[in-house]
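The values are calculated or read from the model by the stated rules, or taken from the named source; none is laboratory data. Every value quoted in this text rests on a predicted model; they were computed, and no experiment measured them. All Cβ positions, even for glycine, are placed from backbone atoms using ideal geometry, and neighbour counts span all protein chains on display. Quick note on the areas: whole protein, heavy atoms, side chains included, nothing else; ligands and nucleic acids left out. Shrake-Rupley method; radii C 1.70, N 1.55, O 1.52, S 1.80 Å.
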Amino acid sequence: MTLDETLCLSRAGRPVRSFPLGDSALEIGSHPSCDITIHEGKVAPRALLVHRCGGSVYVYDLAAGPGLERCAVMPLGRRFPIGAGYCVTREKAHERPSKSGGSPATELLRAGVVEREQLTLVAGAGAEARAFHVGHAPMSIGSAIENTIALSDRAVSQYHCRVEPGEHASALRDLASTNGTWVDGMRVQRQELRPGAILRIGRTELRVVRRGLDGLRPDLVVESAPMLALMAEVDRLARLPWPVLIRGETGAGKEHIARALHERGSRHSGPFVALNGGGLPRELIESELFGHERGAFTGAAHAHRGAFERAHEGTLFLDEVAELPLDLQTRLLRVLETWRVRRLGGERERHVDVRLVCATHGDLRSEVQRGRFRADLFYRIHRLVLEVPPLRARPNDIAPLSEHFLAQMQADVGPRTLTMGAVERLRGHRWPGNVRELRNVLELAAVTHGSTEIDRTAVERALHRIGQSAIEVPSLDTLREALDHYGGNLSATARALGVPRSTLRDRLKGSARVEG
């Protein structure tokens, strides 16, 4: 059996009409745009808002004013007055046999009822971004100061629109504004909110973003305003086919952002191929990018498809693009101009259909000025740019990131939690190694601390040990010997010595400048 409920409107105790009580909010008042309009001057234009959330039904007294709505749970059978003798009552309608014959609980399971997405409205970008979390209560938006979101915009009406929660999705309702409420370029009266949507209210843009653990990227935590603003840009750029350049410090999470771009775009069903432009010797980089034929060089016993071919109809993420030698930059530019690839030792060109996403931790424009990066390639990949903020610029991400990392390592070290003092110490650190350093500190604290509760002292010890290892760099002769041993492979040398690759690279570059 399936249970239905209705909202019964009555006047002077006599039923007037019943309305189905579904997943979407119902607005009641005398205004013509209300879902339930009462043509009575003594009834407020917008009197009540009724909605389901978390299995309960709530009623809001909108006449109390935006931002000051009085809320109450609406039980079955209780009357809620509206004015002029009108009231509404939540009633059980009737039971009807279901097609499956299952119980109501079974019906919900079969229907695949999912928890409502955690959404946030983001205004601005970077450090100037402001985030407004969509919760279980209505949010009024307008120029009046008493709104939940008050906008300093002369093109915005005093009470412009309202975000209304629902059982499974939130919606945006225009409140008869002068200039209208727009979603993705279309004027709307009422529209369900979806991640990636762009709201225009007057001259102000608000972007709808998921928060918390990203649904598509379970290893990407999005809580702080700068990261929410970044993910709003990701949603916007994911729809476009053009190259994207991601800039950010080492360890900030550039590859996670690249994967999010891929999974939100039209190529999400295609392959995602990642390649580090500075992680392999020059000969291997060329082969990994463009492929090789059998016998193209010593050791080429079989033909090999390069990254461009493997990423066909998908996304190629080229990390540390500034590390590419100049001649390989020329070949890369040629591919971006023709979308044709010729393998090493091959004669035939192959067509590729790839979206290129590049990343760098440095300043490419400075590299162009120094002659280390081709200007024409720079302008080819510098069309759409995403800036990943360092961890120190988004302290609100530290606690949820820490919880996420501790949950990931629970199978290996057991359950671990952080005390408030530990979280405060983590938030106070500068994090030169960004998210990667945070994970290393937590792993060390979880392994070396004897308790399931990681306190401030344990965090201090882990930070001290990680900091010491970061500055203990072997001598230049040792670095060079190890580099020769690993055939010039910086990544392999760094792993063997326990030194960050960037530290190894900078030390070697610095010595070359001194000797030159």
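Do we have Leu326 as on the phi < 0 side of the Ramachandran plot and open to solvent by 30 Å² or more (accessible area, probe 1.4 Å) here? Yes; evaluated as a whole, the condition is true for this residue. Selection of first residues in the stretch 423-447 that are open to solvent by 20 Å² or more (accessible area, probe 1.4 Å) and of second residues that are hydroxyl-bearing (Ser, Thr, Tyr), restricted to Cβ pairs under 8 Å at least 6 apart or on distinct chains, gives the following pairs, ordered by first then second residue: Val423/Ser402; Gly433/Thr250; Arg436/Thr250. Show the residue pairs that are 6+ apart or on different chains and have beta-carbon atoms under 6 Å apart, the first residue being within the stretch 165-187 and over 25 Å from Tyr58 (Cα atoms), the second being of a type in the set (Lys, Arg). Taking only residues 6 or more apart or on different chains, the pairs are Gly180/Arg187; Trp182/Arg200.
Restricting attention to the stretch 169-182, the residues being under 25 Å from Leu230 (Cα atoms) and open to solvent by 10 Å² or more (accessible area, probe 1.4 Å) number 2. Can you name every residue in the stretch 284-306 that is closer than 19 Å to Leu490 by Cβ, of a type outside the set (Val, Ile, Thr) and in contact with a strand residue (DSSP E or B) (Cβ under 9 Å, 6 or more places away or on another chain)? If the condition is that a residue be closer than 19 Å to Leu490 by Cβ, of a type outside the set (Val, Ile, Thr) and in contact with a strand residue (DSSP E or B) (Cβ under 9 Å, 6 or more places away or on another chain), then Glu286, Ser287, Glu288, Leu289 are the ones that fit.
If the condition is being out of contact with any helix residue (DSSP H, G or I) (no Cβ under 7 Å at 6 or more places or on another chain), more than 18 Å from Pro390 (Cβ to Cβ) and part of a loop (DSSP other than H, G, I, E, B), then the stretch 423-453 contributes Gly450, Ser451, Thr452. Here the condition is being over 23 Å from Asn489 (Cα atoms), open to solvent by less than 10 Å² (accessible area, probe 1.4 Å) and touching a residue at least 40 places away in the same chain (Cβ under 8 Å); of Val352, Val321, it holds for Val352 alone. With the condition kept exactly as written, say whether any residue in the stretch 148-155 is within 30 Å of Ser56 (Cβ to Cβ) and either charged (D, E, K, R) or modelled with pLDDT of 95 or more (or both). Checked against the condition, which is being within 30 Å of Ser56 (Cβ to Cβ) and either charged (D, E, K, R) or modelled with pLDDT of 95 or more (or both), the stretch 148-155 yields no hits at all.
Would you be able to say whether some residue in the stretch 209-219 is farther than 25 Å from His361 by Cα, of a type in the set (A, V, I, L, M), out of contact with any strand residue (DSSP E or B) (no Cβ under 9 Å at 6 or more places or on another chain) and in contact (Cβ under 8 Å) with a residue 24 or more places away in the chain? No, the stretch 209-219 contains no residue that is farther than 25 Å from His361 by Cα, of a type in the set (A, V, I, L, M), out of contact with any strand residue (DSSP E or B) (no Cβ under 9 Å at 6 or more places or on another chain) and in contact (Cβ under 8 Å) with a residue 24 or more places away in the chain. With a requirement of 3 or more residues that are of a type outside the set (Lys, Arg), the strands (runs of 3 or more DSSP E) lying completely within the stretch 296-398 that satisfy it span 314-319, 354-360, 384-387. Between Gln158, Gln118, the distinction of being open to solvent by 20 Å² or more (accessible area, probe 1.4 Å), within 20 Å of Arg200 (Cβ to Cβ) and polar (S, T, N, Q) belongs to Gln158 only.
In the stretch 48-67, what residues are open to solvent by 30 Å² or more (accessible area, probe 1.4 Å) and in a strand (DSSP E or B)? Once the filter is applied, which keeps residues that are open to solvent by 30 Å² or more (accessible area, probe 1.4 Å) and in a strand (DSSP E or B), the stretch 48-67 yields Arg52, Ser56, Tyr58, Asp61. Give me the residue from the stretch 266-286 that is touching a His at 6+ places or on another chain (Cβ under 8 Å) and surrounded by fewer than 17 Cβ atoms within 10 Å (Cβ to Cβ) and, out of that set, modelled with the highest pLDDT. Out of the qualifying residues, it is Pro271. Within the stretch 391-410, being within 16 Å of the chain's Cα centre (by Cα) and polar (S, T, N, Q) holds for one residue alone: Asn396. Among the candidates His292, His304, the residue that is more than 28 Å from the chain's Cα centre (by Cα) and either open to solvent by less than 30 Å² (accessible area, probe 1.4 Å) or under 25 Å from Ile257 (Cα atoms) (or both) is uniquely His292. If you go through the stretch 1-12 and keep only what is touching a strand residue (DSSP E or B) at 6+ places or on another chain (Cβ under 7 Å) and open to solvent by 30 Å² or more (accessible area, probe 1.4 Å), you end up with Met1, Thr2, Leu3, Asp4, Glu5, Arg11. Residues in the stretch 13-47 that are closer than 23 Å to Glu167 by Cα, open to solvent by 10 Å² or more (accessible area, probe 1.4 Å) and in contact with a Phe, Trp or Tyr (Cβ under 8 Å, 6 or more places away or on another chain): Leu26, Asp35.
Take the residues in the stretch 271-283 that are touching a helix residue (DSSP H, G or I) at 6+ places or on another chain (Cβ under 8 Å) and either assigned to a loop (DSSP other than H, G, I, E, B) or hydroxyl-bearing (Ser, Thr, Tyr) (or both), then tell me which one is farthest from Leu490 (Cα to Cα).
Let us first name the residues in the stretch 271-283 that are touching a helix residue (DSSP H, G or I) at 6+ places or on another chain (Cβ under 8 Å), namely 271-280, 282.
Pick out the ones that are also either assigned to a loop (DSSP other than H, G, I, E, B) or hydroxyl-bearing (Ser, Thr, Tyr) (or both) and you get 271, 277-280.
Values: Pro271: 27, Gly277: 11, Gly278: 8, Gly279: 6, Leu280: 7 Å.
Filtering first and then ranking leaves Pro271.
Highlighted here are the strands (runs of 3 or more DSSP E) found entirely within the stretch 140-219 that include at least 1 residues which are more than 30 Å from Gly253 (Cα to Cα): 161-164, 171-174, 181-183, 186-188, 190-192, 198-201.
Here Met227 meets each of (1) touching a Lys or Arg at 6+ places or on another chain (Cβ under 8 Å); (2) open to solvent by 60 Å² or more (accessible area, probe 1.4 Å); (3) at pLDDT 90 or above with one exception, condition (2). A Cβ distance below 7 Å, combined with a sequence gap of six or more or placement on separate chains, defines the contacts here; from the stretch 249-268, residues that are touching a residue at least 24 places away in the same chain (Cβ under 8 Å) and part of a loop (DSSP other than H, G, I, E, B) reach residues that are open to solvent by 40 Å² or more (accessible area, probe 1.4 Å) and acidic (Asp, Glu) in the pairs Arg267/Glu313.
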